[in-house]
1. In terms of the ratio Rg/(2.2 N^0.38 Å) built on C-alpha atoms, what value belongs to region 144-260?
2. What lysines could a cross-link reach from residue 278, if we take a straight Cα to Cα line under 16 Å and drop same-chain neighbours fewer than 8 places away?
3. Among 166, 387, rank each residue by its count of other Cβ atoms within 10 Å, from fewest to most, as a rough exposure measure.
4. Of 41/360; 41/72; 90/360; 90/128; 72/252; 41/361, which ones are farther than 19 Å apart at the Cα?
5. Arrange 65, 280 by Cβ neighbour counts within 10 Å, fewest through most, would you?
6. Relative to the compact-globule scaling 2.2 N^0.38 Å, provide the ratio for the alpha-carbon radius of gyration of the chain.
Amino acid sequence: MQVCFDQDLIVRYGGRGPRYTSYPTALQFTEDLTEADYRQKASASNDSDVPLSLYVHIPFCHSLCYYCGCNKIVTRNEARVARYMEMLYKEIEMQAALFDGSRKVEQLHFGGGTPTYLDKEQLGALMKHLRASFNFDDSDAREFSIEVDPRTVDEERIQELWDLGFNRLSLGIQDFNEDVQKAVNRMQSPDEVQALVDAARNAGFGSISFDLIYGLPHQNVESFDTTLDIVIGMKPDRLAVYNYAHLPQRFKGQRMIDAEDIPVPETKLDLLHHTIDKLCDVGYVYIGMDHFALPDDELVLARENGTLQRNFQGYSTHRQCDLVALGVSGIGGIGNMFAQNSVSTIEYEDMIERGELPIKKGLLVDDDDLIRAAVIQDLMCYDRLDFDKFGAEHGIDFREYFASEVEQLDVLEKDGLLEVSDKGIQITPSGRLLLRNIAMTFDRYIDLEENESRFSKAI
């Protein structure tokens, strides 16, 4: 099932809301979670024999992209980088000691910042530390990915990334229009990116993903169509097309963007509509939210075989993994616990130097949280939910347990976002763009008024 762009519904429902890369969301994390809690849950998880997924945060960037809302440090201070890497190595050792050495690392993701800020020697040393500490799965089933700023690598470095064990690349493109690039301080040409794509294919990379952003200054449908044509010609396996959230009160870099240059809401909707139609017309499958993939991509296959998931990197495969987060601000999930490292690099480094895990906050989720998380996962990954199947898996009568929520769905059903039958819930093609709004029905913590400024717009 593809997606139907219903502008009236989008205007009516496209307000702010969580992205549900976790449930409960990070807004519910508190400092009540202790290092002792984390150690206990990590130890208990070893009895499950669940594989591991590692996330490694490299916060450094050479220059500031004005739109960026990530946890980053713009610096060329080598001593600062060296200090961080030293502490990161120590955290790797501390974390690895908590997990049984027989547990395979099936997933590895380097995010940032700019992971390719690190030079060949630094990145090689980091991978060496990780391999020495954890049990890497080097089979073809592994999913080892790294976010790449095309401005920081050449063809030789692409080969080096492959040699280090990475088999997936995510390239930050955003837009190829020069006026847009100048406005957000990120200049890169199509020829430069094409050379990297060719090098990646030649090296053996099985998956290449592009990130695009709509709603950036000076964008219009015509100019973005040109970018899409260039992107389609390069044929990335996956595309993430994000809505630019202008929050200068939270992200100082965004104050460099003139708000008058940002497309008006109507133009943003036109950009999204055109993007969806064009990508689907040339054969991309709409996965959900902001993700697209070619029909033979693992995301599509995972959606078909029931192993698709939402996590802190968006849509992903390998559903049954414990996620260990390494580096400043990293968020992990072990069993029924979420844990986030300090978002302050200074505090992160100081805690590790004292021999403490740099966990600053998190959450121990209860049975109700787990059930609601499963509901939200099913709806956001598969656009449907089977009442009997779900009830049998979780030991509940769905209609009885969620009587109030099912009643609330009546409004969404009347508006054409979904259909509710005796068998379950089916999201319609018109509702697929409003998954967040549907999921919010099952979120017991949601308070849009209190957290309005902390959520991005659904559309």
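1. Output field value: 1.11.
2. Of all the lysines, those that pass the test against residue 278 - Cα under 16 Å, at least 8 places apart if same chain - are 235, 268.
3. Working: 166 25, 387 19.
Ascending Cβ contact count within 10 Å gives the list 387, 166.
4. On the way: 41/360 16 Å; 41/72 29 Å; 90/360 17 Å; 90/128 13 Å; 72/252 12 Å; 41/361 15 Å.
In this structure, 41/72 lie more than 19 Å apart at Cα.
5. Going from sparsest to densest Cβ surroundings: 280, 65.
6. Computed over Cα atoms of the chain, the ratio equals 0.96.
Each value in this text was obtained by applying a stated rule to the coordinates, not by laboratory testing. Note that the structure is a prediction, hence the values are computed from the model and not measured. All Cβ positions, glycine included, derive from the backbone under ideal geometry; neighbour counts span all protein chains shown.
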